[in-house]
Amino acid sequence: MSELTALLDFVEQQLGPPPIPLHAPCLEEADAQAVAECVRSGFVSSVGAQVAQFEQAVAAFTGASHAVAVVNGTAALMLALKAAGVQPGDWVITQSLTFIATANAIVHVGAEPLLLDVDDSLCLSVEALAAFLQQACDGPIHKATRRRIGAIVPMHTLGFMADMPRIVQLAAEHDIPVIEDAAEALGSRLQGRHAGTFGIAGILSFNGNKLITTGGGGMVLTQDDALAEQARHLATTAKQSHPWHFVHDAVGYNLRLPNLNAALGLSQLQKLPQLLQFKHTWHSTLAAKISALKILGGPLLSNLQGEHQPNYWLQAVQLQDRAARDRLLEMAAARQIQMRPLWTPLHQQPPYRRAPTFGTLQHTQTLFDTVICLPSSPRCDYG
Ligand SMILES: Cc1ncc(COP(=O)(O)O)c(C=O)c1O
């Protein structure tokens, strides 16, 4: 108990006074000015120079050949799945320990999520994936049901990256496309390569709780010219390019990012290096404190080195059991310090209780039972 109080005291000392949010956006005067200038330009909707500029800047930062800006990360994932050829009736492999949007996007394209366990990386278990593909599948076809595996969607939990080289290799052996849910992983790199650029496509989110925000927003990243073209086309009502005629060659969507949001995104991108630096420092400071307090389980993944460069979007601590987790959540709430457990696993969420699974999902359960995300907001003028 006393070590939990000491942890709360420390958080308050460093980030206080309460109320302390889990993650507030870094909004400053320059952001307000960028949005105001966009309003004055008259180009506030999806036509406007800032959308293309924001796309180019994100592509340059991540190393993706193409970046397609859309209204949120969920829409980005749905478009990426569709553009990658996922069909109604397909199964799409993902992890049970993820935010529900990952599975929702899969269902929005008519497919069904197939849920696997995560491992100590907090991300999709390569062992579980290999076992499923090798034991249950013939190429991309599930032998027992003849269902096609339309894609594999690893999610980079809290900005920590999955073992993408091995996942991409396994997927290629079975002729299945990989689409990375990198919603939380802007700035995370593995072997120098940015999250979302290992698979055929990846997606980012710029929701208000992410490292940088556009209010609401998302991005499809890809190296594939045709996939980028298709995602952009579908997001723009599938309208054929013509100076005045309205001809649409498919049932498209209206999902392009408005210029107003892109203007905010461009301004936010300016401070991405400082935000990443802040996250890194806050991670080291908190991890050292958590280790000194000898909280069982300790700071999460604090010893990642070498190939992994996480963005440390949200700091997290592991407690010894579910009772300790709940005690800390209650103590924090009483002091108006916002903390959150990980997401209730998808296979326990009402819409996905009957989703197909493979293996035990034991790691998913243990991490859900014991991990708490800690306040991780950067220091900024507003918010
Ligand atoms: C893992 C994950 N996937 C998808 C999303 C969806 O992004 P958005 O909220 O921008 O739709 C989020 C976050 O919000 C997320 O954390």
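Taken together, the values in this text are just the output of simple stated rules run on the coordinates, not laboratory data. Just so it is clear, the structure is predicted and the values come from calculations on it, not from any experiment. Counting neighbours? That spans all protein chains shown, and the Cβs are built from the backbone with ideal geometry, glycine included.
What to note about this one:
- Exposure proxy shown here: for His108, His156, the number of other Cβ atoms within 10 Å sets the order, fewest to most, as His108, His156.
- Built amide H within the under 5 Å cut-off of Glu180, gap 5+: Gly199, Ala201, Gly202, Ile203
- Within the chain, the whole DSSP H helices whose Cα atoms reach 24 Å or more along their own axis and whose mean Kyte-Doolittle score is at least -0.5 are 272-293.
- Only lysine pairs 8 or more places apart or on separate chains count here, and in the chain those with Cα atoms under 21 Å apart total 5.
- For Arg379, Arg189, the sequence from fewest to most other C-beta atoms within 10 Å is Arg379, Arg189.
- Helical runs assigned H by DSSP (4 residues or longer) give the chain a calculated mean residue ellipticity at 222 nm of -12000 deg cm²/dmol, each run adding -39500 (n - 2.57) before division by the residue total.
- Just checking the listed ones, Asp321, Asp138, Asp249: in the Gaussian network model of the chain with Cα springs under 10 Å, the one fluctuating most is Asp249.
- Gaussian network model of the chain, Cα within-10 Å springs - most flexible of Asp225, Asp117, Asp175: Asp225
- Dipole check for the chain: with +1 at the C-beta of Lys and Arg, -1 at the C-beta of Asp and Glu, and the Cα centre as origin, the magnitude is about 400 Debye.
- Computed on region 220-319, with alpha-carbon pairs under 8 angstrom and 6+ residues apart, the relative contact order is 17 percent.
- Efficiency of FRET between Glu173 and Ala226 - r from beta-carbon atoms, R0 25 angstrom, step 0.05: 0.65
- DSSP beta bridge pairing in region 29-270, given as percent antiparallel to the nearest 5: 60 percent
- If R0 is taken as 51 Å, the Cβ-Cβ distance between Lys143 and Ala238 corresponds to a FRET efficiency of 0.90.
- Choice from Met331, Met161, Met339 with maximal GNM fluctuation in the chain (Cα, 10 Å cutoff): Met331
- Leading residue at positive end of dipole, region 29-270 (Cβ point charges), from Val251, Met155, Ala76: Val251
- Charge dipole (debye, nearest 20) of region 321-383; +1 at Cβ of Lys and Arg, -1 at Cβ of Asp and Glu: 100 debye
- Across the chain: Cys residues that no other cysteine approaches within a C-beta distance under 4.7 Å: Cys38, Cys123, Cys137, Cys373
- Dimensions of region 29-270 along the principal axes, based on C-alpha atoms and rounded to the nearest Å, stand at 60, 41, 26, largest first.
- Taking the number of Cβ atoms within 10 Å of each Cβ as an exposure proxy, the fewest-first ranking of Lys82, Lys271, Lys239 is Lys239, Lys271, Lys82.
- Using a Förster distance of 22 Å, the FRET efficiency for Gln349-Ala131 (Cβ separation, nearest 0.05): 0.40
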